[in-house]
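Since the structure comes first, as structure tokens, the remarks are kept for the end.
Each value in this text was obtained by applying a stated rule to the coordinates, not by laboratory testing. Being a predicted model, the structure only gives us computed values, none of them experimental. Note that each Cβ is placed from the backbone with ideal geometry, even for glycine, and that neighbours are counted across all protein chains shown.
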Amino acid sequence: MRTSQATTVRIIASALFLLALLVAVPLLIEATGRTDLYYTLTSVALLSIISAGVWITFYIGRINIGQGAYALMGGYVSAILVTSYGMSFWLTLPLAGLFCAAASVLIGLPILRLRGVYFAMVTLVLTEVARLLALALPVTNGASGIVSIPLPSGISFFGVTLVPDFATLANPRLAFYIVAVLLMALCFLSLYRLAHSRTGQLCQSLQQNEELASSIGVNIAYLRVIAYALSSFFGGVGGAMFAAIAQSIYPSSFTVADSVNFMLNCFLGGLGYVLGPMLGTFVLYFGWDLLFQTGEFQLLIFSTVLIVLMLALPNGLLSLAIPRKRSV
Amino acid sequence: MEQVIANGLYLGAQYALIALGLTLIFALMNVLNFAHGQMYVLGGFVTYTIYGQLKLPFVVALICSGVTLAVIGALMERFLFRTVVRRSKREESTMLLAAATAFFLDAVMLLLFGEKQRGVPKIVSGVFASEGVILPYDRIMVGVIAILMIATFMLFMQYSKPGRAMRALAQDRIAAQLMGVKVERYSMIGFALGAMLAGIVGGLLVSITGVNSGIGGPISIKAFLMVMIGGAGVVGGAIAGGFILGMMESVGLATLREYGDVTYLVIFALLMIFLSIRPNGLMGKPWG
Amino acid sequence: MPDLLEVVGLTKRFGGLVAVNNVSFTVRDREILSVIGPNGAGKSTLFKLISSFLRPTSGEVRFKGERISGLAPHVAARRGVVRTFQETTIFKNMTVLDNVVTAHHLRSRASLAGFYFGSAAARSDLEAFGASADEILAFLGLAAMRDEIASNLPHGHLRALGIAIALATDPAVILLDEPFAGMNYDETRRALQIVRKLRERGITVLLVEHDMSAVMNISDRIVVLNFGQMIAEGTPAQIRQNPKVIEAYLGVEDESIGL
């Protein structure tokens, strides 16, 4: 069967890619001594997880510029649980995601009825709401934020250490990098599964025509909320990881500009491709970093390149490599 | 109380003018113009240069702000948005383009004018004071000019030939085309007009609050709020949204001052509740 | 024949306008019933009320004795009352086959999670959907186009695809929204054929239509609306002679009435 052959090829390619990220990249970094790249690559991995969440909302036909709100929320949830309740970071990571998912159900029920630019604008406002809430609530400690969050502790089972205490590590940056890459792999695996299952097909039916979808018996309100919750889960997990790495979180850690960037990452990579958000994040982040040397012209060059890319490849970078495989 | 209402009206008039430009562009092109706030700031800087630096009359500066932005708007439509609308599979792409344009304008303004807050000398001095209301004359003047411009704009849309063409276009692009409306031409004119409105408000307000290159984004968010309140793509909605937001801000600042930024939190919360009841705003049409 | 669908005192107001005013009629099992009326008579409002896309101001629609109005479209569909749309409403960027496969949602035995993780039920569902979709496409003469992207289909076939999507839900009653609008003589003839074949499959057909001649040709019974009110009900022969109907259609060119 040709399809199973293609699947095998894809699995091998993904495994090689993951192996390269986990082994070859660290070796290269050690060899060249550019240990600062760990932080950059970790950020790319985490940002691509958060952007993948945005991609899911695009997948059901909603323009989501509110992901920063959930990243911020996830960061705070994890930070508060670790600092105030002494919980293990590894437990707070899924809890942050679940908290965001639950919050997004409550928020999503009314706002997911909005479409097009209305949804886009409301979600944009949501990011601003999250920032103002973080400033105003007592539990988030206002503008000074939550600082000196301890590094993730270890996990051991019956005396066997599964994950070492990060504080004892000589190179916690490498450890964070590996965790981020593994999370990213997990995230994109689940995204791939979504896009290639019937569940994804139903999501697409929402994107293409909600009336028709409901006429064939799809409970569109339910499916929308599920997708949005999943999207926010990714946002929360990514935000929590960021807070752990920076060991701090502030109301300004994720702002409207970040929300816009998450959306840009998806667009730039290509909305029709599962790997779109990953590639988009990588290119945007590295592009921005490379342009650092241009000093005051950084933003000018960056935005010009962005506009040119948009004009040349309006359907995303991946539309270049994969002409029109599966149009979403 | 009178003071709060007077402040609200003054804020509302300028807000309505900003929202009008945004809603016009949206109605004609289905583009959510992220760069609207940046256009406003740029208008402010043009007036700052011509009136504040070159010492030419304020009116000349204001006209220059309008013309500059109109040209920029027209160019943006012609060379950026038109291309992307035609070539992209998803209509959301224009949003990316608008965001990138916003970054670009931010960068240009940062290079040209720096980060500092820029202001100009007062256009008229003196303060109007009666029992209960104290309002500087320049604010009254700006408010009145804004209201006059709103009226002019509405008359223009109602009775002029381009105005009628644009209304037809906003209602149904394909039908308008069949009726012989030159779609591309009027899209460009509409975009230019929307940008011009933003530029003029920027020029007006630089004389009162000043501008700096960082406020574009927040202004855009405010404009989105107004458009959501009133209903996207509807002229009356934009005006209503502008005045409602102006009033809410004025009331909020007067009553919630001691709690800091809570005013906006309350406004946002109210908006969420409002939109869950009326997803298309006050006057918006159902949107697919 | 028992009454399958009952429309009881259905009324819909939009602000001050009464779009549908106290309309009552019944649809029998395996009947072809048409709702006609001049423009603005409230046909499409009635149509949306029956398919639960709109909530009635008062009155209700019952299917097999149970209320289906004022719920949600997907609930009405689950009970077996499914509507079609006018032609551009399809899943544009999917292939023709995927359009129909997707529409098998109501026949799934696996859950969303089951489909996501590829459970045994999901796999057998998918197989069944594929086979059923192929059967439906063949039934409607779309088999040759199964791998085409839906938005590339020629006009005439778009409407057939719309019906194929509805058929995939395995409906008891199918509501057709102006199935003959904008068709020439040949296309109309083929569309009429399809409607008859739907009935042969055991499906009750309720259609809303403008084209009188096609309706006269195919319907068992006809309901006529004017200004939101039902002004007549009966067989095509009765309707043809009803003075109220003739009056309502006065001012419209004879040709389009088809009297």
Discussion item. Distance between the C-alpha centers of the range A:142-209 and the range B:225-253? Whole Å please.
Written reply: 41 Å
Practice prompt. Using only the Cα atoms of the protein assembly as shown, build the gyration tensor, take square roots of its eigenvalues as a ≥ b ≥ c, and label the shape rounded, prolate or oblate: rounded if a/c is under 1.5, else prolate if a/b is larger than b/c, else oblate.
Written response: oblate
Worksheet entry | Residue-count net charge about B:Gln14 - beta-carbon cut-off 11 Å; Lys, Arg +1, Asp, Glu -1 | +2
Fill in: Most fluctuating residue given options A:Gly74, A:Gly142, A:Gly269, as computed from a GNM of chain A linking Cα atoms under 10 Å
A:Gly142
Discussion item. So if I take the centroid of the Cα atoms in the range C:173-195 and the same for the range A:218-279, what is the distance between those two points in Å?
Written reply: 46 Å
Discussion item. If I build a Gaussian network model for chain B, linking alpha-carbon pairs within less than 10 angstrom, which residue out of B:Leu270, B:Leu11, B:Leu169 has the largest mean-square fluctuation?
Written reply: B:Leu270
Worksheet item: Under the definition of Cα pairs under 8 Å and six or more residues apart, what whole-number percent is the relative contact order of chain B?
Response: 38 percent
Fill in: Dmax and Rg, reported as Rg then Dmax, of the range C:166-222 (C-alpha, Å)
11.0, 30
Worksheet entry | Relative pair counts by distance (%), Cα atoms of the range B:1-128, 5 Å bins | 2, 9, 16, 19, 18, 15, 11, 7, 3, 1, 0, 0
Practice prompt. Per DSSP H run of n ≥ 4, the term is -39500 (n - 2.57); total these for chain A, divide by its residue number, and report the mean residue ellipticity at 222 nm rounded to 500 deg cm²/dmol.
Written response: -23000 deg cm²/dmol
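Please work out whether the range A:207-249 counts as rounded, prolate or oblate from its C-alpha gyration tensor, where a ≥ b ≥ c are the square roots of the eigenvalues and a/c under 1.5 means rounded, while otherwise a/b larger than b/c means prolate and anything else oblate?
In terms of gyration-tensor shape, prolate.
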Discussion item. Can you tell me which of A:Thr42, A:Thr255, A:Thr294 moves the most in a GNM of chain A? Springs connect C-alpha atoms under 10 Å apart.
Written reply: A:Thr294
Worksheet item: Among C:Lys92, B:Lys116, which comes first, then next, by fewest other beta-carbon atoms within 10 Å?
Response: B:Lys116, C:Lys92
Fill in: Nonlocal amide H pairs with A:Ser197, under 5 Å, H built at 1.01 Å
none
Worksheet item: Considering every residue in A:258-265, what mean count of other chain Cβ atoms within 10 Å of its Cβ is obtained?
Response: 2
Item to complete: Give me the net charge of A:Arg198's neighbourhood, meaning all other residues with Cβ under 14 Å from the Cβ of A:Arg198; Lys, Arg count +1, Asp, Glu -1.
Response: +1
Worksheet item: Any idea what angle helix B:137-159 forms with the longest principal axis of chain B, computed on alpha-carbon atoms, 0 to 90 degrees, nearest 10?
Response: 20 degrees
Worksheet item: Looking only at Cα atoms, what is the convex hull volume of the range A:107-152 per residue, in Å³?
Response: 117 Å³
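Calculate the dipole size of chain B relative to its Cα centre from +1 charges on Lys and Arg beta carbons and -1 charges on Asp and Glu beta carbons; express the result in debye to the nearest 20.
With only Lys, Arg, Asp and Glu charged at Cβ, the dipole is about 1020 debye.
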Worksheet item: Regarding the range B:2-215, what is the average projected area of its C-alpha convex hull, in nm²?
Response: 12.7 nm²
Discussion item. Projecting each Cα onto the charge dipole of the range B:2-215 (Lys/Arg +1, Asp/Glu -1 at the beta carbon, about the Cα centre), which of B:Ser213, B:Met29, B:Thr68 comes out farthest on the positive side?
Written reply: B:Met29
Worksheet item: Where nothing but the Cβ of Lys and Arg (+1) and of Asp and Glu (-1) is charged, how large is the charge dipole of chain A around its Cα centre, in debye to the nearest 20?
Response: 940 debye
Item to complete: For the range B:109-250, just run the numbers: alpha carbon Rg, then divide by 2.2 N^0.38 Å, N being how many residues it has.
Response: 1.25
Worksheet item: From the square roots a ≥ b ≥ c of the eigenvalues of the alpha-carbon gyration tensor of chain A, which class results: rounded (a/c under 1.5), prolate (a/b over b/c), or oblate?
Response: rounded
Worksheet item: Ranked by Cβ crowding within 10 angstrom, fewest neighbours first, how are B:Met149, B:Met166 ordered?
Response: B:Met149, B:Met166
Response to the item:
Here, chymotrypsin sites (Phe, Trp or Tyr not before Pro) of the range A:28-87 satisfying both criteria (DSSP loop; at most 14 other Cβ within 10 Å) are none
Worksheet item: Using alpha carbons only, what's the Rg to Rh ratio of chain C with Rh from Kirkwood?
Response: 0.99
Worksheet, complete the sentence: When the charge dipole of the protein assembly as shown is computed with +1 at the Cβ of Lys and Arg and -1 at the Cβ of Asp and Glu, the Cα pointing farthest to the positive end, of A:Leu290, C:Ile36, B:Ile273, is that of C:Ile36
